[in-house]
Amino acid sequence: MTCPSCGAENRAERRFCSKCGAALSLACVKCGFINDPGDEFCGGCGQRVSAATAQPVQRKDGPRDAERRQLTVMFCDLVGSTALAGRLDPEELREHVRAYQGVSAEVIARFEGHIAQHLGDGLLVYFGYPLAHEDDAQRAVSAGLAVVDAIATLNARQPAGGVALAVRVGIHTGLVVVGEVGSGSRREQLALGETPNIAARLEALAEPGTVVVSTATHRLVERRFSCRDLGAHTLRGVTNPLSVYHVLGERITTGRGGSLPAAWTTPLVGREREVALVLERWDAAAEGLGQVILLSGEAGIGKTRITQTVCARLQGTPHTQLDGRCSPYRQHSPMHVVAELVQGALGYEREDTPEMLGRHLERTLGECGLPRGEALPLLCSLLSLPGPGESAVQSWSPQRQRQRTIEIVLDVFRSVAARRPVLLLVEDLHWIDASSLELLSVLVDQAATMPIGVLLTARPDFRPPWAARSHTTQITLTRLPRRPTEQMILSVAGKPLPAEVLQHVLTGADGVPLYVEEITKMVLESGLLRDCDDRYELTAPLQPLAIPTTLQDSLTARLDRLPEAKPVAQLAAAIGREFSYELLQAVSPLDPVALQRELARLVDAELLYQRGLPPSAGYIFKHALIQEAAYRSLLRTTRQQYHHRIVTVLVDGFPQVVELNPELVAHHYTEANLAAEALPYWQRAGENAVRRSAHSEATAHFERGLALIPSLPDTPQRDRQELGLLMGLGPVLFGSRGFAAPEVERCYARARELCDRLGDAPEVFAALWGQWGVLILQGDVNRTLEIGEELLERAQLSTDPALVLQARHALWPTHIYRGELSAGMQDISEGLALYDVDRHRSLAFTFGGHDARACGLSFKTTALWALGYPRQALECGRQAIDFVKDLAHPHSQANSHSWVSLALRFLGDLELAREVAEAGLAVSTDYGFPQWGALCTIVRGSTLVASGSVDAGLTEMRRGLAGWQATGAGIMIPAILAFIAEAELARGDVVPALGSIEDASRRIEIYGERFYEAEVHRLRGEALLAGAAPDSTPAESCFLRAIDVARHQQARSFELRGTASLARLWRHRGRGEDARRLLAEATQWFSEGLETSDLRAARHLLQELS
């Protein structure tokens, strides 16, 4: 009987191949029906299938499909063959070469290698093809050493003075494409790629009678073989030098296993303490003291198995369980995991129709007492259900909808938990989408007051964004010791294994539960064991088993064992980790009967889990890495064909998926190498994410689209597509990277270039505004004035009020930063007069990522204070904060809180300034706005200094300044340096303070940002006086200069500060009356804000002068 997998001949009565362990199919001799391995009765005639009633199924003719796979290649060559040819008769030479090749072939066969080619006196040998083993690298090294030994034995049999042969061996492990090459009658299966070439180059480096390996191979065998580092070598045709190792020999090691997920039905062993701790935390949660438990560990370490055990133990306890699973394909699908959890809270079953789910939703809202008018449309949107029709919610901004959705979801969880304690389980947090993580973080913060236990799993590279709290617990899982590992092997096998086999499994598994299970299963399927009632016995001397030593080799070996089902697994892997039978059947070339048969084999082999029955069945790869291994084994061209087939079916037959998950369609188009088709879907996915304030997802979608642009023909259509993606990306980057970040500058520079190429494209105004945004935060207010005036000219020509508003939006910060306060106030007045919240709040998605009115009120607060209207400034700042609160747009909130807190710090309201700054810092941290977080940090530090905590405040301001500059920001640095100089003066550090002031003055002169110029001159005077210089004239000049600048700017508040400093100096000089008269004139101008710190200090000084 010929094995259909490896081609080896087997006795007729065998059910499993003696060479590779693959199951052997049997054809009934009566009817010819092909029965599956393990069938006891024929599917065609009903007769019992046995060796007597079956005939072998011959191996199919034709080559195997080409595939990508990891391969260990050994190149073995006879040393000095040219010299031998010159010394020996050709017939004698032939005998020696045949002897060398014969003993080598015997050794290679013993280690199940495959001689791909005889290259003269060289041998090209594959380990890992046509069948993979878990330890192919180790087999290759063992074979290499054995060949060397075999040649030595061959030489020992030669007569004295006879020919002594020597070989050298090179081994390398890497990726190859293996398949048929050649033409005509000369065809062969060969591995192509760099790996065979490197193996040949390594062989040339080896000394006679030695084996050398590459770094890649050494990494796989170092626990089993002693090696000596030969250093880095430059190999011909290889770009980078490679480290080379000389294999000295075998040593006793612990071995290394592969990994596959633990079976759901395998009894848990060795994790009792972890389970007890989780259950202890659950008991506290059930009593109302909410708990959060994070199970962290490498793939296969047992995280899922612990959660399954906990869930099973709680089955008899009254509670509600909500399950969510993160997916690598849904990392950029906002609220994906949240939707799953909400479905669970509603009592959703997979067979429920959307109408049934809608009824569940309405019933639950009634039970929860939530406002139906808000909750129903928002949750319908979250769950992709038809909405209730017209609703006030539809007029809300996307940000407000998003925030309210989070609040309602949490209310649903609270309501469910109020009836019965809730166990909320979310697995694989390392793949969670950012929006779901945001909600989960809020839940973690609030869980302590609810009867809810949050059980999470993640790999070690996941870093929880929440701080450690008394109600949070992280459990890091480590590998199992020997005793529980033996218990697990017994559980999987069902009965004891021979001691020798048990030791092989223990060595290969290395305490990882996933490895233990999969290696044990491979042993059971190897054909080497016989079931003898209460135990297993070896049927033949133990050979090196297919025990995984790396995950890749293990998974490849499992897939190779199912040659007919493997293509189904590969096609399913192209769909994703989870897939429906409906979609797979639509894209598969197999008929339903054949497809279900192969899926059943994959389920039986525990590569897949199945929910339900076809045609309504759903499947999930038992582990994401199984899916990855199946997918990566496909040729790139085959992957493209599969993705093309999948996306065609999706677009034609699954319109709801296309509508709700454009990123999924875009992904398949991209992987199908159909860039032009993918671009609109990436743009749509990015726009959807922007509307949900999912900035990280939006950035990812837009950037995926932009990455495809170079692959398209250089046409105006391509330029328009690129421009659309850039204009979507720019406002997102304003918040997530900072206005002045290099990537923002590149984004808008490229957009402007495309506008010029396209000839006055409609997007030119927005592109120009984006360039203004970069320059204004960089601090170049001279160039921004030119751009602002150009924007205003373009806007007025267009007669579009929205463009005029945005032109004024660009001009008012420019004028204020330049110290042109009246002009800035005029821009704010004229701009905000045009603003209509319903028509213009969406402009934030195009211009700067923040709202124009929120910005205008924030800058008006600063301008009013500087102009001498502190009470109006305070009221305007409060208006700005209230407005962005109602607007519910996170970036506008962070922007306004930053600038308003800074204005309040100018005004001297330290408590309110700190409160607003901390609120802005919280928003910036939650949504990832580093620029505004840095500015709020500076403001908070400044309030600490002014409140007496000088050292702490100075440290915070310096940290904030570093963060501000890290985003590329240069604007307001003179004011920030002035704050720092004040703190340094408070510490008595005059020289550093003067240095900060000089830096501020230098920036003012270079960039023209003169808003804080008067205060910088005043502080220089104060620093000079603090230095105890004998001549106070330079300080007096600074104060006079500060007053002059302030008067030029009509900045009464700055003038008051300069006047107060000069009055104190004049009093010290004996010019008290002059000082009183000067200060009285400056103070009497103010008609409001008399309670501010500056005016209180001025009035107090006047009393002293009087």
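Brief remarks on what is shown
- Residues in the stretch 1008-1022 that a label on residue 1069 would reach, taking backbone N under 17 Å of a point 7 Å out along Cα→Cβ: 1018-1022
- The magnitude of the dipole of the chain, with charges of +1 and -1 set on the Cβ of Lys/Arg and Asp/Glu and taken from the Cα centre, is near 1240 debye.
- Given +1 at the Cβ of Lys and Arg, -1 at the Cβ of Asp and Glu and no other charges, the dipole of the stretch 850-952 around its Cα centre is 240 debye to the nearest 20.
- Pairs over the 18 Å Cα-Cα cut-off, from the set 521/622; 495/622; 303/622; 495/521: 495/622.
- Sites matching trypsin sites (Lys or Arg not before Pro) across the stretch 143-224 that sit in DSSP coil, with at most 16 neighbouring C-beta atoms within 10 Å: 157, 223
- Straight-line cross-link partners of residue 885 among the aspartates and glutamates, defined as a Cα under 13 Å from its Cα and at least 8 positions apart when in the same chain: 851.
- Note on the chain: Rg/Rh from Cα positions, Kirkwood definition for Rh, rounded to two decimals, is 1.07.
- Positive dipole terminus of the chain, leading residue within 462, 664, 76 (C-beta point charges): 76
- Selection from 442, 922, 162 lying farthest towards where the dipole of the chain points positive, charges on Cβ: 162
- Each eigenvalue of the Cα gyration tensor of the stretch 562-634, multiplied by 5 and square-rooted, gives one semi-axis; in descending order these are 16, 13, 12 Å.
- Annotation: extensible slack from residue 248 through residue 284 equals 7.2 nm (criterion: 0.36 nm per residue apart, minus Cα-Cα distance).
- Interchain or long-range residues, amide H under 5 Å from residue 608's placed H: 603, 622
- Fewest-first ordering of 1078, 456, 954 by other beta carbons within 10 Å of each residue's beta carbon gives 1078, 954, 456.
- The amide H of residue 473, built 1.01 Å from its N in the peptide plane, has 292, 293, 294 as neighbours under 5 Å, considering only residues 5 or more places off or on other chains.
- Virtual spin-label span in nm between residue 392 and residue 610, 7 Å along Cα→Cβ: 5.2
- Taking Cα centre as origin and charging only the Cβ of basic (Lys, Arg, +1) and acidic (Asp, Glu, -1) residues, the dipole magnitude of the stretch 67-250 rounds to 240 debye.
- Antiparallel DSSP beta bridges within the chain, percent to nearest 5: 70
- For the stretch 885-1015: rounded, prolate or oblate by the Cα gyration tensor [a/c cutoff 1.5]: prolate
- Tensor-based shape of the stretch 552-677 (alpha-carbon gyration tensor, a/c under 1.5 rounded, otherwise prolate or oblate): oblate
- Extension gain, residue 418 back to residue 749 (0.36 nm per residue minus Cα-Cα distance, nm): 113.7 nm
- Helical content of the chain, expressed as a calculated mean residue ellipticity at 222 nm, amounts to -18500 deg cm²/dmol (DSSP H runs of 4 or more residues, -39,500 (n - 2.57) each, divided by residue number, nearest 500).
- Given in Å, the Rg to one decimal and the Dmax to the nearest whole number for the Cα atoms of the stretch 760-866 are 12.6, 41.
Here, each number is a calculation from the coordinates, and none is a lab measurement. Because the structure is a prediction, the values reported are computed rather than measured. Note that each Cβ is placed from the backbone with ideal geometry, even for glycine, and that neighbours are counted across all protein chains shown.
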